[in-house]
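**Student:** Sharing a structure here in structure tokens format.
The values are calculated or read from the model by the stated rules, or taken from the named source; none is laboratory data. All values derive from a computational prediction rather than experimental measurement. Please note: Cβ atoms are built from the backbone with ideal geometry, for glycine as well, and neighbour counts cover all protein chains shown.
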Amino acid sequence: MARGEVHPIGVLSDMSGQADFEARSLELRQLVGKLRIEPEIVAHYLQSGAMVLAWMESTTDMLEARFRVPGGSAIRTDGTYYWRNDAARYVIEYAIDLRPEFITHASALDWQCPEVSADRVLEIDDFLTNSK
Amino acid sequence: MPSDTLPPILGDPVAVGAAARTFASIAADIAATATRLRALAAGDGTWTGVAATRAQARAATLPPKLDKATASYAAAGGALRDYAVALADAQRQSASAIAAERRASLDLESARAAQATATQHDAAQAATAHAAGQLAPPPTAQRHQADIDDAAARVARASATNRAAHDDQSRAARLAAAALKEASREGIHNQSWWRHAISSAANWASTQWAQALRTVSKVAATISGLAGIAALALSIAGVFFPPLEGAAATLEAISLVSAQLSVIADATLAASGKGSWTTVGLDALNLAPAALGKIIGKAAPALRRILNSDRLTGVEHVDSHMGGFTEAGSIVRHTKTATAIGDDDATLANLSRSTGAEGHDVIVHGVLIDDEAYFSADQTLIHPQQVADAILSNPEYSGGPINLVSCYGAKGTAAELEDILGVPVNAKMGRVRLNPKTGALEESVGR
């Protein structure tokens, strides 16, 4: 495994800005309502991830314009997976399904997002920056 | 943006829409309770006798009152939903008009400059011809008049469109406030119905109807909590849309009334030995949101900060001090090397990375609308003047160049800031952040 390697949780790990992410709206729409776990539990986990790529872009809900998220295209991580900062809002509003391996991983942690050290955040930053 | 251009329309249609959905949800809860009470009042044959007959007769008066409340909450939800849509439309129209006006103004400036140059050229040509005893060549300056007239007309049209968008927003806000007031008068604000309801409920409490009362208590507590939260949301919205401030006050009344219903219902249960006084105490806590709603008018920005607070993971401690709030209520932070607006993790992460190596770092979110960049903090668009005010209020800023940590800054907001401050503003076309190792402004590929 490459140093700093982290894995996507699904569509909501797209690292694009608003304009390019909107190209995946159909893909996202197909996952609406398919999450089989309480969205609040998942969203809390996602919202608790450490901030890695702190892009200063405010994003808007591309499905029904229900919300805006300051820094929505920024990236968070739990040290193993990574996701967009606006992922939690999509999960809360639309129960967007996520990859089963991530669900298994977070369930094993009892949906308590682990702390990520500053050094590990920098490693992940390098990995994500160089993987684009 | 020309100095006399109306600013973008502030406000958050998403927040207003959420409040609308909350009201619709409350209406649905009350309707469900009314249905259940109707079934209980109809009787299932397990409770008979004079007491049962009297209690059922009194109980029959409760559902109609709940129907009235249902209609009121539904009407309030509808008013807010309509306003959210109108606000979003007006914001789009205004943003588009401002962009068009900006383009037309640049064209106008360019055409006028071309005409001035041509006029000078014509004068020189005429002087040369006159000195040579020849006829002067036809003047060329007039050729630019059509361009000037066209650009001026486009500026005027765009300005009128922007004004119309502002008028639409004001009209929609007034309509929403009037509709909320009407909903209040029709039932939400009417306290007599719940007093009557408690009288009916008290008769049930001594028998197996205690379970029904628990239902009333539970739903009323929910109503109180939700209405209290809605009052908070509207109080926040009222900061941006003054006509809605009155509506927020109305919602505080809803929350208080519903909470009182819940408290009295639970008190009745406790007195009859079928409930718990602890529950009464817990219900009393539901009054808290309404009380907060009253405070928020004076302290909206601080409450916004509380409501938006997250666990600050991945964000190092920042040695900053409060720089106050923008007009829209967003928190401003000052450090020796930076000014930041907003209170989310991305803003704070960048603030913690600021070194000031490329100028005074100004950290504020950017958003693209119709390919035009705007500043944004929390969930609201903010005017470049507010950003400039935040910078100038930083005692550590001495007037040097600005390093704009705001996405899409080079697409317009940097130029506007440069015009206001009169200093160079470094910005990028795409998404930006401060590099966590070097503190340098870094741009992402893609959009």
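**Student:** Out of the residues in region B:337-370 meeting the condition of being charged (D, E, K, R) and more than 9 Å from chain A (Cβ to nearest Cβ), tell me which one is surrounded by the most Cβ atoms within 10 Å (Cβ to Cβ). Break it down into steps so the answer makes sense when it comes.
**Tutor:** Of region B:337-370, the ones charged (D, E, K, R) are B:343-345, B:353, B:358, B:361, B:370.
Among the residues that remain, those that are also more than 9 Å from chain A (Cβ to nearest Cβ) are: B:358, B:361, B:370.
Working: B:358: 19, B:361: 25, B:370: 11.
Looking at residues that are charged (D, E, K, R) and more than 9 Å from chain A (Cβ to nearest Cβ), I get B:361.
**Student:** If you don't mind, another one. When you look at residue A:14, is it within 14 Å of another protein chain (Cβ to nearest Cβ), of a type in the set (D, E, K, R) and within 13 Å of the chain's Cα centre (by Cα), yes or no? Spell out the reasoning first.
**Tutor:** Working: within 14 Å of another protein chain (Cβ to nearest Cβ): yes; of a type in the set (D, E, K, R): yes; within 13 Å of the chain's Cα centre (by Cα): yes.
When the stated conditions are applied, residue A:14 passes them.
**Student:** On the given criteria, is residue B:53 at pLDDT 65 or above and either surrounded by fewer than 20 Cβ atoms within 10 Å (Cβ to Cβ) or assigned to a helix (DSSP H, G or I) (or both)? Outline the logic, then answer.
**Tutor:** Details: at pLDDT 65 or above: no; either surrounded by fewer than 20 Cβ atoms within 10 Å (Cβ to Cβ) or assigned to a helix (DSSP H, G or I) (or both): yes.
No: the conditions fail for residue B:53.
**Student:** Out of all the residues in region B:330-337, is one or more in contact with an Asp or Glu (Cβ under 8 Å, 6 or more places away or on another chain), in the same structural domain as residue B:402 (by TED's automatic domain parsing) and either more than 20 Å from residue B:392 (Cα to Cα) or aliphatic (A, V, I, L, M) (or both)?
**Tutor:** Looking for residues that are in contact with an Asp or Glu (Cβ under 8 Å, 6 or more places away or on another chain), in the same structural domain as residue B:402 (by TED's automatic domain parsing) and either more than 20 Å from residue B:392 (Cα to Cα) or aliphatic (A, V, I, L, M) (or both), one finds at least one in region B:330-337, hence yes.
**Student:** May I ask you to say which residue of B:400, B:409, B:430 is farther than 29 Å from residue A:65 by Cα and not assigned by TED's automatic domain parsing to the domain that holds residue B:99? Walk me through how you get there before you give the answer.
**Tutor:** Details: B:409 fails: farther than 29 Å from residue A:65 by Cα; B:430 fails: farther than 29 Å from residue A:65 by Cα.
Residue meeting the stated conditions: B:400.
**Student:** State yes or no: is residue B:104 within 27 Å of residue B:159 (Cβ to Cβ) and in contact (Cβ under 8 Å) with a residue 24 or more places away in the chain?
**Tutor:** On the way: within 27 Å of residue B:159 (Cβ to Cβ): yes; in contact (Cβ under 8 Å) with a residue 24 or more places away in the chain: yes.
Yes: the conditions hold for residue B:104.
**Student:** Let me ask something else. Of all residues in region A:107-119, which are more than 10 Å from chain B (Cβ to nearest Cβ) and either assigned to a helix (DSSP H, G or I) or under 14 Å from residue A:2 (Cα atoms) (or both)?
**Tutor:** Scanning region A:107-119 gives A:107, A:108, A:119.
**Student:** Now for a different question. Test residue A:83 against the criterion of being touching a strand residue (DSSP E or B) at 6+ places or on another chain (Cβ under 8 Å), more than 8 Å from chain B (Cβ to nearest Cβ), closer than 26 Å to residue B:17 by Cβ and aromatic (Phe, Trp, Tyr), and give yes or no.
**Tutor:** Working: touching a strand residue (DSSP E or B) at 6+ places or on another chain (Cβ under 8 Å): yes; more than 8 Å from chain B (Cβ to nearest Cβ): yes; closer than 26 Å to residue B:17 by Cβ: yes; aromatic (Phe, Trp, Tyr): yes.
It is true that residue A:83 is touching a strand residue (DSSP E or B) at 6+ places or on another chain (Cβ under 8 Å), more than 8 Å from chain B (Cβ to nearest Cβ), closer than 26 Å to residue B:17 by Cβ and aromatic (Phe, Trp, Tyr).
**Student:** Does region B:369-383 include one or more residues that are polar (S, T, N, Q) and farther than 23 Å from residue A:85 by Cα?
**Tutor:** No: zero hits.
**Student:** Report whether or not residue A:90 is within 13 Å of chain B (Cβ to nearest Cβ), assigned to a helix (DSSP H, G or I), touching a helix residue (DSSP H, G or I) at 6+ places or on another chain (Cβ under 8 Å) and not basic (Lys, Arg).
**Tutor:** Details: within 13 Å of chain B (Cβ to nearest Cβ): no; assigned to a helix (DSSP H, G or I): yes; touching a helix residue (DSSP H, G or I) at 6+ places or on another chain (Cβ under 8 Å): yes; not basic (Lys, Arg): yes.
When the stated conditions are applied, residue A:90 does not pass them.
**Student:** Name the single residue that is farthest from residue A:127 (Cα to Cα) among those in region B:408-442 being assigned to a strand (DSSP E or B) and within 29 Å of the chain's Cα centre (by Cα).
**Tutor:** Here is the first cut: in region B:408-442, the residues assigned to a strand (DSSP E or B) are B:425-426, B:432-434, B:441-442.
Filter once more, so that each one left must be within 29 Å of the chain's Cα centre (by Cα): B:425, B:432-434.
Working: B:425: 31, B:432: 18, B:433: 16, B:434: 17 Å.
Here the answer is B:425.
**Student:** Quick one: residue B:436 ticks every box in (1) facing chain A (nearest Cβ under 9 Å); (2) free of Cβ contacts under 8 Å to residues at least 24 places away in the same chain bar one, so which box is it?
**Tutor:** Just one mismatch for residue B:436, condition (2).
**Student:** Considering A:4, A:71, which residue is within 25 Å of residue B:340 (Cα to Cα), assigned to a loop (DSSP other than H, G, I, E, B) and not acidic (Asp, Glu)? Let's see the steps before the verdict.
**Tutor:** Values: A:4 fails: within 25 Å of residue B:340 (Cα to Cα).
Checking each option against the conditions leaves just A:71.
**Student:** So residue B:137 ticks every box in (1) farther than 30 Å from residue B:11 by Cβ; (2) at pLDDT below 60 but one. Which box is left unticked?
**Tutor:** (2)
**Student:** Could you please let me know if residue A:96 is more than 10 Å from every other protein chain (Cβ to nearest Cβ), surrounded by 24 or more Cβ atoms within 10 Å (Cβ to Cβ) and either farther than 30 Å from residue B:84 by Cα or in contact with a Ser or Thr (Cβ under 7 Å, 6 or more places away or on another chain) (or both)?
**Tutor:** Working: more than 10 Å from every other protein chain (Cβ to nearest Cβ): yes; surrounded by 24 or more Cβ atoms within 10 Å (Cβ to Cβ): yes; either farther than 30 Å from residue B:84 by Cα or in contact with a Ser or Thr (Cβ under 7 Å, 6 or more places away or on another chain) (or both): no.
In short, no.
**Student:** Can you go through A:6, A:42 and tell me which one is surrounded by 19 or more Cβ atoms within 10 Å (Cβ to Cβ), more than 14 Å from chain B (Cβ to nearest Cβ) and of a type outside the set (Phe, Trp, Tyr)? Break it down stepwise before answering.
**Tutor:** Values: A:6 fails: more than 14 Å from chain B (Cβ to nearest Cβ).
Within the list A:6, A:42, the selection yields A:42.
**Student:** Here are some residues: A:76, A:36. Which one is at pLDDT 95 or above and more than 30 Å from residue B:81 (Cβ to Cβ)? Can you show your working first?
**Tutor:** On the way: A:36 fails: at pLDDT 95 or above.
After applying the criteria, what remains is A:76.
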